[in-house]
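Worksheet for the structure shown next.
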Amino acid sequence: MERAVAYGFTAAMSGTFLLSCLLFAAVNRGQRGPYMDEAFHVPQAQAYCHGRFLQWDPMITTLPGLYLVSVGAVKPAAWLFGWTGSVVCSVAMLRFINLLFSAGNFYLLYLLLFKIHQKNKAVSGFQKILSTLSLAMFPTLYFFTFLYYTDPGSVFFTLFAYLMCLYGNHKTSALLGFCGFMFRQTNIVWTIFCAGNVVAEKLNEAWKTELQKKKDEKISSKKGSFSDFIRILQFLIEYLISPKNLVTLTALTWPYIVLVTMFFVFVFINGGIVVGDRSSHEACLHFPQLFYFLSFTVFFSFPHLLTPTKIRKFLLSLRKHPVQYSLIALISLFLIWKFTYVHKYLLADNRHYTFYVWRKIFQRHELVKYVLVPVYMFAGWSFADTLRSKSIFWSLMYFVCLLAVTVPQKLLEFRYFILPFLIYRLNIPFPSLYRQLLELAFYIVVNAVTFHLFLNRTFQWPNSDEIQRFMW
């Protein structure tokens, strides 16, 4: 059985990589020159290729991790195979780096699914391979495999850090977290998430011990009434103010603490989290970003979240707790009213899907953003319901990281949702085989439509001769 699973995994990974290579060739034939943000990334990487490490494009807002890794991979390959001239660090060669990251992400996703769900003996090896295949082809991530963007590398190092954290290799995890930070500064949040995993595990152990002492079987660390939540909150405060517990947690998480300290030093010296062009990347309290993320998650996880059973459970919960839901609705309406921001890029750039989402939905009427509150409430409830298998401490830690990585972003950009979505999807219980197949089929269709639009439905702006393409 294990040999069959190994063969199945090898076939799935090899087949996916072969398909990606064919698609990679099609994309490079259709779009030979840099496109969109590649116009900044490619020349910067080529400057590094020529040894000009002090040259920097002020329009680039991320650290040079992608360019350093690219040069570190391309230069030895060029020496080994005797490549010279324009082929070294060409657009296609640089894009191929992300194809390699994509293969690495496939393997890491499988290892993470295996580790997170290792206690669930009911999950077959075939189901794990199928879920890996779905996540590796997650449309928003998969598309950027074929362009020279930071996303595949950012995901690779963050997932690798998470895997090492789960195996208890915290020094290695923090080092990989630093690599992820070098690709995108907001990845520091997922370093904190890794440290939070360690803290949540210790809190859960202590909470179970507390329950055993009191022999109170009615209180659960996973779910419960409002009074149970207050008890857990009191326990959390008492645990964290204990010097002994703080010393223990510090001893376990010190590699992450060192990295987070380095991050704050960087922010202080740099004068902010963004390098380069800061005018278009200002931090703000954009709370509706959380609602957009929940809607995004329901859309891409509809086989698991948008089911008749879940809708009935939600309506039943709504009927049982009308006061609580009314309060949540009022808070949501207030946050939308006071904290909705519309970035100039969202309104101006008609190459991105978000432009059409905003124009076709949110700009139809001023009240649309408020009318969608029931949808957000269902999305939030369904999202939380699928994480009931995790401890309350893990869920709290994940939610804090989710807020930290989404809310400060002024621009509605689906790429910012990739990592929080993947970590969520990795940690929910395994769905039925039918729902997994439906998810995979849906991702394949979305990818097919996206690449068809990108390659075949080109257009031009009135004041420009350049070919424009639709993309995420």
query: Hey, can you rank 361-369, 12-20 by average C-beta count inside 10 Å, highest first?
result: 12-20, 361-369
Residues of segment 399-427 with amide N under 13 Å of a point placed 7 Å along Cα→Cβ from L240: 399-401
- prompt: What does the helix-only formula give at 222 nm for the chain: each DSSP H stretch with n ≥ 4 adding -39500 (n - 2.57), the total divided by the residues, and the result rounded to the nearest 500 deg cm²/dmol?
  reply: -22500 deg cm²/dmol
field: T10 versus V123: modelled label distance in nm, points set 7 Å from Cα along the beta carbon direction
entry: 2.4 nm
- request: First select every other residue whose beta carbon is under 14 angstrom from the beta carbon of T191; then total the charges, Lys and Arg +1, Asp and Glu -1.
  value: +2
- line: A chain fully extended from F302 to Q468 at 0.36 nm per residue, minus the present Cα-Cα distance, gains in nm 56.7 nm
message: Counting only Cα atoms, I'd like the Rg/Rh figure for the chain, Kirkwood definition for Rh.
response: 0.96
Table column - 3J(HN,Hα) (Hz), segment 357-362, Karplus curve with 6.51, -1.76, 1.60, x for Gly and Pro: 4, 5, 6, 6, 10, 6
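Taking the Cα centre of the chain as origin, sum charge times position over the Cβ atoms of Lys and Arg (+1) and Asp and Glu (-1), and report the length of that vector in debye to the nearest 20. Before the final figure, lay out each step's value.
Details: 43 positive and 21 negative charges, 267 e Å.
It comes to approximately 1280 debye.
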- line: Both in Å, the radius of gyration and Dmax of the C-alpha trace of segment 359-399 are 14.7, 41
- request: Would you mind getting me the FRET efficiency between D57 and E201? Use the beta-carbon distance for r and R0 = 60 Å, nearest 0.05.
  value: 0.90
Loop chymotrypsin sites (Phe, Trp or Tyr not before Pro), segment 164-201, which have at most 12 other Cβ atoms in a 10 Å radius of their Cβ (DSSP): Y167
- prompt: Got a sec to turn the phi values of segment 325-331 into Karplus ³J(HN,Hα) couplings, 6.51 cos²θ - 1.76 cosθ + 1.60 with θ = phi - 60°, whole Hz, x for Gly and Pro?
  reply: 5, 5, 5, 4, 5, 5, 4
- request: Take S326, S134, S90 and sort them by solvent-accessible surface of the protein heavy atoms, 1.4 Å probe, largest at the top.
  value: S326, S90, S134
query: When Lys and Arg each count +1 and Asp and Glu each count -1, what net charge do the other residues less than 12 Å away from F378, Cβ to Cβ, add up to?
result: +2
Efficiency of FRET between A92 and L233 - r from beta-carbon atoms, R0 45 angstrom, step 0.05: 0.25
- line: Computed over the Cα atoms of segment 92-242, the Rg and Dmax in Å are 19.2, 64
query: Using Cα atoms only, what is the angle between the long axis of helix 418-427 and the major principal axis of the chain, expressed in degrees (0 to 90) to the nearest 10?
result: 40 degrees
- request: List every residue whose amide H lies under 5 Å from the amide H of H343, counting only residues 5 or more places away in sequence or on a different chain, with H placed 1.01 Å from N in the peptide plane.
  value: L412
- prompt: Dimensions of segment 282-431 along principal axes (Cα, Å, largest first)?
  reply: 42, 31, 26
query: Once phi is turned into ³J(HN,Hα) by the Karplus curve 6.51 cos²θ - 1.76 cosθ + 1.60 with θ = phi - 60°, what whole-Hz value does each residue of segment 234-249 show in order, with x for glycine and proline?
result: 4, 4, 4, 5, 4, 5, 7, 8, 7, x, 4, 5, 5, 5, 4, 5
- prompt: aspartates and glutamates within cross-link reach of K310: Cα-Cα under 15 Å, excluding same-chain residues under 8 positions apart?
  reply: D385
- request: Lys and Arg at +1, Asp and Glu at -1: add these up for the other residues within a Cβ distance under 15 Å of P288 and post the number.
  value: +1
- request: Just subtract the alpha-carbon distance of D385 and R32 from 0.36 nm times their residue separation and send over the number in nm, one decimal.
  value: 122.5 nm
- prompt: Once the mean 1/r over all distinct Cα pairs of segment 343-429 is inverted, what Kirkwood radius in angstroms do you read off?
  reply: 14.9 Å
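The values are calculated or read from the model by the stated rules, or taken from the named source; none is laboratory data. Small disclaimer: the values here were computed from a predicted structure and weren't measured. Glycine also receives a Cβ, built like all others from the backbone with ideal geometry; neighbour counts cover every protein chain displayed. Note: areas computed on protein heavy atoms with side chains; ligands, DNA, RNA excluded. Shrake-Rupley method; radii C 1.70, N 1.55, O 1.52, S 1.80 Å.
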